[in-house]
Structure formats: C-alpha cells, structure tokens
Ligand code: WT7
C-alpha cells in the first residue's frame, strides 16, 4: 500500500500527549516516514482496496481516536456506551479507579450506577433493530455434511426458554452456574441465559478433568451445572456426563452439593439410553427446556454487577477465578471486536476458540453478538476428517473473518499447502491470531497461503484478565510487521518497565504493564481480592502487571516475547507449572517434580517435567505413562507433559530452592549455556541430569 506511506508522512508529529497519557513513544516513529523507510522489508502494507473501506483507514485517524481515548476516556467511552441500551444511564463519573496499591485497595469501576443487561444488548436489541431474521449462529457439527443455524430471533427464544427454566429452579441474580459443554449452540445459549437473569456463569473448558471441574465447583458453589452426555471430537467420543458425575461426587466430599445437573442429549455422540443417570438430580435439557415460554423478562443489573467467572492458571497455587462485570466488559468487547476485525454487518465471522476460554467468551459470544454479527461455531477438530476441514468450513459459510491460534497455523502449515489451496477461500478478508506470539514464518504462511496475500492479520495480544484486546493491529490502519502485535487499542496505555518498575521509553525490552484501567479489565479474583493485588498490582506499584515480557522497536511496534512467570503457554492454553507439579507429586511413586516449558514446533511451548522418585523405585516406561496419566486425570489431557525426565536429584541452591534456569537450559538442550552452577548445593546433579536426558 503506497498510500499508507504517504499518510505516514502527512501526519503531523504528535510527540506528546498531556497529563494522563504521558508520552506515546510508540507512535512517533511510525508517524515519521523516515523510520519506516529503512525497514521497508519487514513491513507488510494493506492493499488500497482494503484501506478504502477500512473503519480506521490511516495512522492519522487512529491517532486522533487514540488521543481522544487517552485524554478524555470518559467522553470517548461514554460515546461508545451510548450505542447500547441502558435502562438507566450511569452516574456522573464514567470511570472511577484506584490503580495504585500504595494508595489503598485496588478498585476499578466503569459506568457505575448504569443499569443494563448484556443479553438484552446482544439479542433483543438486534431483534428489534431489524436483525431478527439475520443468522446469529451457523453451527458446523463434528461430522461434515450437515449444519444447523439460528437467527437472532430464534436464538433469543432459545435463550429465554432456558432462562425461564433456570428461574423456575430457583436461580436468582448473583447465583453461580457452572457450564461444562463442548462447542454446541447450547453453550452460548447457556451463557446468554445466565446473563439474562443476572446469574454468574462459570464456563469450564470441556477438556478439563473431573478433578479440575470439582475444584471449580467447590470454589464457586453453583446452583446448577449444565452439561451434555457426550461429545465427538474427530473420531473420539468423550463421555462428558461421566466426568461431571465424578466431579459432583468429589465436590460433595468437599461440602458442595449441586441439586440440578441439566444435561443436553448430544445424540450424535451418545444416546440417552447409554448415559448414566442420577434420578432427582439429572434432567434432560430436551425434556424440560422446550416447555418453557419463549419470552423472559430481563433482570436489569448494575454495570458493576458480576457477569462471569473464568478460572485461569497462575504461577502458584490453585486456579484463579477471574471476575468480569457487566457494563465495561460489554462496551469493551463490542468495540475491540468491531475495530480489530474491521467488522461490517455483511461479515461472516469464525473464531476457532472454545467458549471454555476467554477468547470464546469475548469473541465467540459477547463481542460479535453485541455487533449483531453472524458467528460460525464448530463442534469438531480442525484436522478431521483431514487437515483441509477449516477451509472447507470457510468456503461453506463464506467466512470473511477467520480468527485462530498460532498453534493451528503451525500444524496446518506442516500438513502442506495442498490442503489449503484445494479450497477457494476467496470470501476471507481479515485473519486473526491469538494466544501466543506468532512466529514470523507462521505469520507469513498464514498471510501468503491462507490469505492469498490479501488479508491483514490481527495479531491480538490480551489475556483472560484484560477481557478484550489490548495491543492489536487495526486492519488497514498501518503497515504490519510479521510477529508484532503492533500498537495499543483505544484507551490502553501500555508501558514497559525494568526490574525496578521504572518506565522505559523508546526502543527497549522489559516487563509489559498497563498504566490505568480500561473498561474490560477484571475487577477482582473471586473471593481473593488480596491475591488480585499481590499478583497484578504489587510487583510494579502503580501499574497492572501482565506477566509478559515485551519489547518495543524503533518504530514503536510492540513485540510480545512470552511469559516471564512460571506459566507455560501450550497451544495458547495457559498452564501453571505449580499445578502440573502438584499433580505429579500426588503420584505415590513421585517424590518431587519440577516443571518447565521448552520450545515446541507446533504447540509453541511444551511441558517438560523433571521427576524425582520415591527411594528405591526404579524408573520405567510404565511409570512414565502412569505419571502422564496422573496429570491428565488431575488437570486434563491438554496439560499432559510432553517429556518426563527422570531426575535422581534436582539442582538446588543451598537454601533448597530449585534453580529452574538450569532446568530450562537442560530441557532445551542448551547444555553449553548452563551458566554458573557453583552455587548449587550439589553441582554433580547437573551432570547426572544431562546423562539421563535421553532415557
Ligand atoms: C497469555 C494470556 C487472550 C486469549 C487467549 C489466551 C499470551 C495471548 C498473545 C499474542 C503474544 C499472547 C500472553 C498472555 N498471549 N495473546 N497475540 N501474542 N502472546 O488467554 O489464557 O489468559 O493467556 O497468552 O502470554 O499473557 P490467557
């Protein structure tokens, strides 16, 4: 795009922004055409045709909007919020926050006093404004050849029926509901039904084990658990109801009993006759829900009333219940969706993420539906029946926006271009990536092969905690650099700090923090506000700490470099090393475990576990398998270690602290970079570990 370069030259150099903003170092270089010209080779320009129709067609336009969002957040966000329905408008102050732990407890409020309902804004509002017959969801089952769909008015009716059922079972505003479902249409239906009546949903990814599910049930004490009997992914049947049964036994042992287990009969995977049943507690969805009225009064809630809980892994201890509230989250997911994907009402949007993760909350359900978008939901696996399935689906529904994870891009890249080029894909106009840094070679393949060098890629950096995109390209607004998430979204002030927490300007690397709140920020960790402050606000006082490392280049582009804490990012799934370690040591023959990440060609990072066995127990292939099985059972298959390394001893300091730095080097076989091992209590364990590396 030749024009962008001209635009860049013509933008006046806004080098500073007043007060709240400080300096936007990140943008200066972009505006100065000079800086860009020298790095031309790394730049990928959007084509003119795309730019002409883009919502944000130039750096200048972005800067104007960004500048306003930082200088006048209240004005900027209240304009956006006014597009939604509010039963009562928020009170005077749009935002009220204490972001600095040194000034007392951290508190974030947006649109406080405003009364609204996110389900109403996703559904009723669209139905009433002429989108009643627009497709809300296309559903693609595991087996190719059939499909299902719901219009906005049909979706509203289904949601109302379930909402009425839940109310009838005594579910009230503020009650928790656990949802353990695969990617059926019933999953967003269940989320929206909860939102409609003010119940707080907690979706648990249906790949989590019974133990993990129980842990979450015990923490949030739901009135109802919603699940299905089974799901087929690829050629494998997974009996979800059995997993729920086991988790409910476990929860009861821990003092939490659930009265109702609403079970959807997923007939294509399993017939109801084959499903184990507990009379009194278990109810078939199809037997009860359709009997309820198709309209249901909305429970109007305060903008700061909780919308959902989503558990995520931290570097220590048990999973954290990330709590999001209603109003700010609504405004933020809708706006980020619209701009980061350059959304137009004619788009057909497919995000491959599961609703069990934040991506499925913000960018399968809420963000798209708040925009009245048509969303594709896929039950199955992307390589079934073959690795061309994704493009088959793209062609079938004429998908225009395709949002996925680098791990899928890399795995499809390995399977070969023929699976892609066999399909037309000409409907595609925007691609998206999320979950982990996308390596430049995967980026280029995605861009050149999947997108035929035509579609901008939105590499969106964000987190469960942030609710929505934080650093992301706006397609058409500026040239991209493969592997860079580019620039901050409206209202977001990223800063890079050094070890001491001092902000660094210009070209630099360090820890990625955020300076002030944005509407989609999480408000607390459920039941543990202290952990919220300790984990996110105390490491670098005055800032929100993301846990990620980041650098900023001379043109101001942001490059995410991965977690700097003990969290491993496996295929875009966040896994705490401590959780895997505690699963391993629960094995009766495992004495101690230390888990680190290592580079993995497809998954981004793999899980590498060093294990010390109980005295006298010999290491064997059988034991290796049983250790892995223990992790699968306690967390889920996605957390299974890729490599078990038998460690008669672990490298520890004299005070007993495991030196993970050394373990990481051994795991990645960078044996000449072990560094100083002389401070170890017993330096010889390192040689021993190296010897055993490939056993
Ligand atoms: C962590 C958050 C947010 C949706 C999915 C994961 C990593 C996420 C990117 C990206 C580089 C990324 C970070 C972050 N991450 N997106 N575009 N580039 N890294 O959500 O489970 O809360 O994990 O995922 O390390 O901290 P999550």
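Against the definition (in contact with a strand residue (DSSP E or B) (Cβ under 9 Å, 6 or more places away or on another chain) and surrounded by fewer than 23 Cβ atoms within 10 Å (Cβ to Cβ)), how does residue 408 come out, yes or no? For residue 408, the condition - in contact with a strand residue (DSSP E or B) (Cβ under 9 Å, 6 or more places away or on another chain) and surrounded by fewer than 23 Cβ atoms within 10 Å (Cβ to Cβ) - is not met. Of the residues contained in segment 493-509, none is found to be within 16 Å of the ligand (Cβ to nearest atom), part of a loop (DSSP other than H, G, I, E, B) and under 26 Å from residue 112 (Cα atoms). Of all residues in segment 644-676, those satisfying the criterion of being touching a residue at least 24 places away in the same chain (Cβ under 8 Å), part of a loop (DSSP other than H, G, I, E, B) and crowded, with 16+ Cβ neighbours inside 10 Å are 647, 649, 650, 651.
Annotation: residue 463 fulfils all but one of (1) within 16 Å of the ligand (Cβ to nearest atom); (2) within 24 Å of residue 555 (Cβ to Cβ); (3) surrounded by fewer than 23 Cβ atoms within 10 Å (Cβ to Cβ); the unmet one is (2).
Inside segment 498-524, residues that are in contact with a helix residue (DSSP H, G or I) (Cβ under 6 Å, 6 or more places away or on another chain) and exposed (fewer than 15 other Cβ atoms within 10 Å of the Cβ) make up a count of 2. Applying the set (1) in contact with a strand residue (DSSP E or B) (Cβ under 7 Å, 6 or more places away or on another chain); (2) away from the ligand (no atom under 16 Å from the Cβ) to residue 359 leaves exactly one unmet item: (2).
Scanning segment 94-110 for residues that are part of a loop (DSSP other than H, G, I, E, B) and touching a strand residue (DSSP E or B) at 6+ places or on another chain (Cβ under 8 Å) yields 94, 99, 104, 105, 106.
Taking the criterion of being in contact with a helix residue (DSSP H, G or I) (Cβ under 9 Å, 6 or more places away or on another chain), more than 9 Å from the ligand (Cβ to nearest atom) and within 21 Å of residue 99 (Cβ to Cβ), the residues of segment 539-564 that qualify are 541, 542, 543, 544, 545, 558.
Being surrounded by 23 or more Cβ atoms within 10 Å (Cβ to Cβ), more than 23 Å from residue 441 (Cα to Cα), more than 16 Å from the ligand (Cβ to nearest atom) and within 23 Å of the chain's Cα centre (by Cα) is a description that applies to residue 373.
In summary, residue 137 fulfils each of the numbered conditions (1) part of a loop (DSSP other than H, G, I, E, B); (2) touching a residue at least 12 places away in the same chain (Cβ under 8 Å) with the single exception of condition (1). Residues that are within 15 Å of the ligand (Cβ to nearest atom) and farther than 18 Å from residue 333 by Cα were ranked within segment 376-406; the one that is farthest from the chain's Cα centre (by Cα) is 406. Residues that are away from the ligand (no atom under 13 Å from the Cβ) and at positive phi were ranked within segment 466-491; the one that is nearest to the chain's Cα centre (by Cα) is 491.
Scanning segment 615-623 for any residue that is in contact with a strand residue (DSSP E or B) (Cβ under 8 Å, 6 or more places away or on another chain) and either surrounded by fewer than 17 Cβ atoms within 10 Å (Cβ to Cβ) or on the phi > 0 side of the Ramachandran plot (or both) turns up at least one such residue. The set of residues from segment 339-356 being more than 14 Å from the ligand (Cβ to nearest atom) and either in contact with a helix residue (DSSP H, G or I) (Cβ under 7 Å, 6 or more places away or on another chain) or not in a loop (DSSP other than H, G, I, E, B) (or both) comprises 339, 343, 348, 349, 350.
Test residue 409 against the stated conditions and say whether it is farther than 16 Å from residue 389 by Cα, within 16 Å of the ligand (Cβ to nearest atom) and in contact (Cβ under 8 Å) with a residue 24 or more places away in the chain. The answer is no for residue 409. Name, by its number, the condition in (1) within 21 Å of residue 332 (Cβ to Cβ); (2) within 13 Å of the ligand (Cβ to nearest atom) that does not hold for residue 517. Failed condition: (2). Filter segment 525-536 for residues that are within 17 Å of residue 100 (Cβ to Cβ) and either free of Cβ contacts under 8 Å to residues at least 12 places away in the same chain or within 16 Å of the ligand (Cβ to nearest atom) (or both) and give the result. If the condition is that a residue be within 17 Å of residue 100 (Cβ to Cβ) and either free of Cβ contacts under 8 Å to residues at least 12 places away in the same chain or within 16 Å of the ligand (Cβ to nearest atom) (or both), then 530, 532, 534, 535, 536 are the ones that fit. Among the residues making up segment 203-262, those that are closer than 24 Å to residue 288 by Cα and surrounded by fewer than 16 Cβ atoms within 10 Å (Cβ to Cβ) are 221, 242, 257, 259. Among residues belonging to segment 128-142 that are more than 30 Å from residue 237 (Cα to Cα) and touching a strand residue (DSSP E or B) at 6+ places or on another chain (Cβ under 9 Å), point out the one that is surrounded by the most Cβ atoms within 10 Å (Cβ to Cβ). Among them, the one singled out is 131. Restricting attention to segment 416-459, the residues being within 15 Å of residue 482 (Cβ to Cβ) and either crowded, with 21+ Cβ neighbours inside 10 Å or more than 12 Å from the ligand (Cβ to nearest atom) (or both) number 24. Would you confirm, using the coordinates I've provided, whether residue 631 is more than 16 Å from the ligand (Cβ to nearest atom), closer than 30 Å to residue 513 by Cβ and either at pLDDT 95 or above or in contact with a strand residue (DSSP E or B) (Cβ under 6 Å, 6 or more places away or on another chain) (or both)? Taking the combined requirement at face value, the residue does not satisfy it. Among the residues of segment 318-338, those identified as within 16 Å of the ligand (Cβ to nearest atom) and either buried (at least 22 other Cβ atoms within 10 Å of the Cβ) or not in a loop (DSSP other than H, G, I, E, B) (or both) are 320, 321, 322, 323, 324, 329, 332, 333, 336, 337. Of 130, 113, 145, all but one fail to be in a loop (DSSP other than H, G, I, E, B), without any contact (Cβ under 8 Å) to a residue 24 or more places away in the chain and out of contact with any helix residue (DSSP H, G or I) (no Cβ under 7 Å at 6 or more places or on another chain); the exception is 145. Restricting attention to segment 143-157, the residues that are surrounded by fewer than 22 Cβ atoms within 10 Å (Cβ to Cβ) and either under 18 Å from residue 360 (Cα atoms) or touching a strand residue (DSSP E or B) at 6+ places or on another chain (Cβ under 7 Å) (or both) total 5. Being buried (at least 20 other Cβ atoms within 10 Å of the Cβ) and in a strand (DSSP E or B) is the filter here; which residues of segment 549-564 pass it? Matches in segment 549-564: 550, 552, 558, 560.
The values are calculated or read from the model by the stated rules, or taken from the named source; none is laboratory data. Just so we're clear, the structure is a prediction, and the values are computed from it rather than from any experiment. Every residue, glycine as well, gets a Cβ built from its backbone with ideal geometry; the counts of neighbours run over all protein chains shown.
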